[in-house]
Amino acid sequence: MFSYCFPLLCLFYNLWKIFDRRRHQNCYILDYECYKPSDDKKLSTRFCGEVIRRNKQLGLNEYKFLLKAIVSSGIGEDTYGPRMVLEGREMSPTLEDAIIEMDDFFLDTIDKLFNKTGISPSEIDVLVVNISMLAIVPSLSSRIIHHYKMREDIKVYNLTGMGCSASPIAINIVQNIFKTQRNVQALIVTSESLSLGWYTGKDRSMILTNCLFRSGGCAILLTNKVALKEKAMFKLKCLVRTHHGAKDESYDCCKQKEDDQGYEGVHLGKNLPKAATRAFVDNLKEIAPKILPVRELLRFTLLTLIRKMTQKYNKTGAAARPVINFKTGIDHFCLHTGGKAVIDAVAQNLNLSEYDIEPARMTLHRFGNTSASSIWYVLAYMQAKKRLKKGNKVFMISFGAGFKCNSCLWEVMRDLDQDGNVWKEFINSYPPKTIDNPFFEKYGWINEEDPDTFHIPDDYVIP
């Protein structure tokens, strides 16, 4: 009897070990907090006009280019900028400006997250900080540890240069740690420093960043503790990273550099949309089989085979290319707010409705492109609108310099309400009746000016 039972007991024990190990490897989001700067940091249409006027490098052609770029950007009048721009010091920013900009974000957002969750800084086992455009000594992660007096054995990762797609990279780091260690709590802090990256030259490919990027940030608390599963908001189901840095065209399309006059900024090349599309397609090819139901994959495969056979034997014309339906496995789409054109392109490729892309459009309008933190503002919009229900699948996708396309799928663990997030004060006014930028209404007269006679006096008052 013992000879029969012992092998079965060993089998059950090994199966239990596998099951127990896997349930301790899950990655949960306990909570997150998006940064809302103070109202005195808002960049209104009038003030943006004043900032542009202060740049003596610009001429009429640059003014016309900026007018077109801002009007078509999808950004509204309530976005936020760095303090040194508001104080008129964008031509001569200091390191202290950049550090203060980060401190304002750290102290506001991380404090709120700890207070909301009831978790102490001393309980954090892993800290991942992502600020692409600022690297200081001691590091920004050390600055957080020093302020909150975190433990000496905390594991720290300080990411720079990862661009707008850094959030999934930070999550991937935490996910891998969770696979090897039990009962871990991690804090991800993601933002962007604009103080030292504000471009003051006239190169069109570099001045675009001033039109799109705005101040923002997010702090995310994650864990693999089974005991906290019931308190979790989201569970990570899948994550895929795609990097095309080996291709010259992709590597050079988004790059920090100096222009011909020595002004430093970020160059956005004309081939960026093409590079983004290639990375996006490759990313979808890898993640689609992991997140879509088998029936949809079979349907798409069958239609693709039929199309190939039709093309082979019917020379009169090509059949319509089959389209995979991502909505069969995804309930909500959390898109990177890289700009109106980026949102439109992703929506077209995934065949999304206006309802699907409303969170991304409204986030771009209200907060602008906040780099790696933008997808969390989009998620917060969905939560504030009470769209997120238990069992829903949320697809996050982001793009960044390199060129990178990173995506991940989350499962909603419980019905989520507004919960006092960053949208609470104005969510009822969104979506507005129109998101047209008033920039053209105020500055459209520039298009009628003569380049030979155009001149803006130093004492000109912005209307």
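The values are calculated or read from the model by the stated rules, or taken from the named source; none is laboratory data. Note that the coordinates shown come from a computational prediction; the quantities given were computed from them, not determined experimentally. Cβ coordinates were reconstructed from backbone atoms using ideal geometry, including for glycine residues, and neighbour counts include every protein chain displayed. The accessibility values were calculated without ligands, DNA or RNA, using every heavy atom of the protein model including side chains. Shrake-Rupley method; radii C 1.70, N 1.55, O 1.52, S 1.80 Å.
Can you pull out the residues in the stretch 173-195 that are part of a loop (DSSP other than H, G, I, E, B) and over 14 Å from S371 (Cβ atoms)?
K179, T180, Q181, R182, N183, V184
Only residues that are crowded, with 16+ Cβ neighbours inside 10 Å, farther than 24 Å from F395 by Cβ and in contact with a Lys or Arg (Cβ under 9 Å, 6 or more places away or on another chain): list them for the stretch 204-241, please.
Within the stretch 204-241, S205, M206, S215, K225 qualify.
Could you please give the count of residues in the stretch 59-84 that are of a type outside the set (D, E), in a helix (DSSP H, G or I) and touching a residue at least 40 places away in the same chain (Cβ under 8 Å)?
Number satisfying all stated conditions: 12.
From L239, L134, L221, grab the single residue that is within 21 Å of the chain's Cα centre (by Cα) and in a loop (DSSP other than H, G, I, E, B).
Answer to the check: L134.
I want to confirm something. Restricting to the stretch 242-266 and keeping residues that are assigned to a helix (DSSP H, G or I) and not aromatic (F, W, Y), which single residue is surrounded by the fewest Cβ atoms within 10 Å (Cβ to Cβ)?
D248
I need every pair where a residue in the stretch 190-208 that is touching a residue at least 60 places away in the same chain (Cβ under 8 Å) has its Cβ under 8 Å from the Cβ of a residue that is aromatic (F, W, Y) and in a loop (DSSP other than H, G, I, E, B), sequence separation at least 6 or different chains.
Pairs found: S191/Y35; Y199/Y263; T200/Y263; G201/Y263; D203/Y263; M206/Y199; M206/Y263; I207/Y199.
Check off (1) at pLDDT 90 or above; (2) in a helix (DSSP H, G or I) for L303 and give me the number that stays unchecked.
Going through the list (1) at pLDDT 90 or above; (2) in a helix (DSSP H, G or I), L303 breaks only (1).
Output the qualifying pairs, or none if there are none: Cβ atoms under 9 angstrom, residues six or more apart or on different chains, first residue in the stretch 281-297 and assigned to a helix (DSSP H, G or I), second residue of a type in the set (F, W, Y) and open to solvent by less than 80 Å² (accessible area, probe 1.4 Å).
L284/F326; I287/F395; A288/F300; A288/F326; I291/F326; I291/F395; E296/F326
Please count how many residues of the stretch 188-197 are of a type in the set (A, V, I, L, M, F, W, C), crowded, with 23+ Cβ neighbours inside 10 Å and under 18 Å from D104 (Cβ atoms).
Qualifying residue count for the region: 2.
Could you say whether any residue in the stretch 348-367 is open to solvent by less than 10 Å² (accessible area, probe 1.4 Å) and not in a helix (DSSP H, G or I)?
Among the residues of the stretch 348-367, not one is open to solvent by less than 10 Å² (accessible area, probe 1.4 Å) and not in a helix (DSSP H, G or I), which makes the answer no.
Out of the residues in the stretch 176-228 meeting the condition of being touching a strand residue (DSSP E or B) at 6+ places or on another chain (Cβ under 6 Å) and small (G, A, S), tell me which one is nearest to T94 (Cα to Cα).
S193
Test of understanding: among M396, M382, M362, which residue is at pLDDT 95 or above and within 20 Å of L284 (Cα to Cα)?
M396
In the stretch 385-415, how many residues are within 26 Å of T79 (Cα to Cα), open to solvent by 10 Å² or more (accessible area, probe 1.4 Å) and of a type in the set (A, V, I, L, M)?
Of the residues in that region, 1 qualify.
When you check M91 against the structure, is it over 20 Å from F440 (Cβ atoms) and over 26 Å from the mean Cα position of the chain (by Cα), yes or no?
Yes.
Which of the residues spanning the stretch 358-375 are touching a Cys at 6+ places or on another chain (Cβ under 8 Å), hydrophobic (A, V, I, L, M, F, W, C) and over 22 Å from Q348 (Cα atoms)?
A372
Condition first: in a loop (DSSP other than H, G, I, E, B), touching a residue at least 60 places away in the same chain (Cβ under 8 Å) and open to solvent by 40 Å² or more (accessible area, probe 1.4 Å). Now tell me which residues in the stretch 267-280 satisfy that.
Across the stretch 267-280, the qualifying residue is only K270.
Keeping to the stretch 170-180, report how many residues are in contact (Cβ under 8 Å) with a residue 12 or more places away in the chain and either open to solvent by 10 Å² or more (accessible area, probe 1.4 Å) or not aliphatic (A, V, I, L, M) (or both).
Matching residues across the stretch 170-180 total 6.
Output the qualifying pairs, or none if there are none: Cβ atoms under 6 angstrom, residues six or more apart or on different chains, first residue in the stretch 360-383 and on the phi > 0 side of the Ramachandran plot, second residue part of a loop (DSSP other than H, G, I, E, B) and buried (at least 24 other Cβ atoms within 10 Å of the Cβ).
Partner pairs satisfying both residue conditions: G368/I75; G368/T79; G368/R214; S371/E192.
From the list K424, K433, which residue is charged (D, E, K, R) and free of Cβ contacts under 8 Å to residues at least 40 places away in the same chain?
Selected residue: K433, the only one of K424, K433 that is charged (D, E, K, R) and free of Cβ contacts under 8 Å to residues at least 40 places away in the same chain.
From G201, G163, which residue is of a type in the set (G, A, S), crowded, with 21+ Cβ neighbours inside 10 Å, under 30 Å from E258 (Cα atoms) and at pLDDT below 95?
G163
Would you say L134 is open to solvent by less than 20 Å² (accessible area, probe 1.4 Å), touching a residue at least 24 places away in the same chain (Cβ under 8 Å) and of a type in the set (A, V, I, L, M)?
yes
Give all pairs with beta carbons closer than 6 Å in which a residue from the stretch 210-229 that is in contact (Cβ under 8 Å) with a residue 40 or more places away in the chain meets a residue that is among the charged types (D, E, K, R) and open to solvent by 30 Å² or more (accessible area, probe 1.4 Å); count only pairs at least 6 apart in sequence or on separate chains.
Every condition considered, the pairs that remain are V226/R23.
Looking only at the stretch 114-131, which residues are surrounded by fewer than 20 Cβ atoms within 10 Å (Cβ to Cβ) and within 16 Å of M102 (Cα to Cα)?
None; the set is empty.
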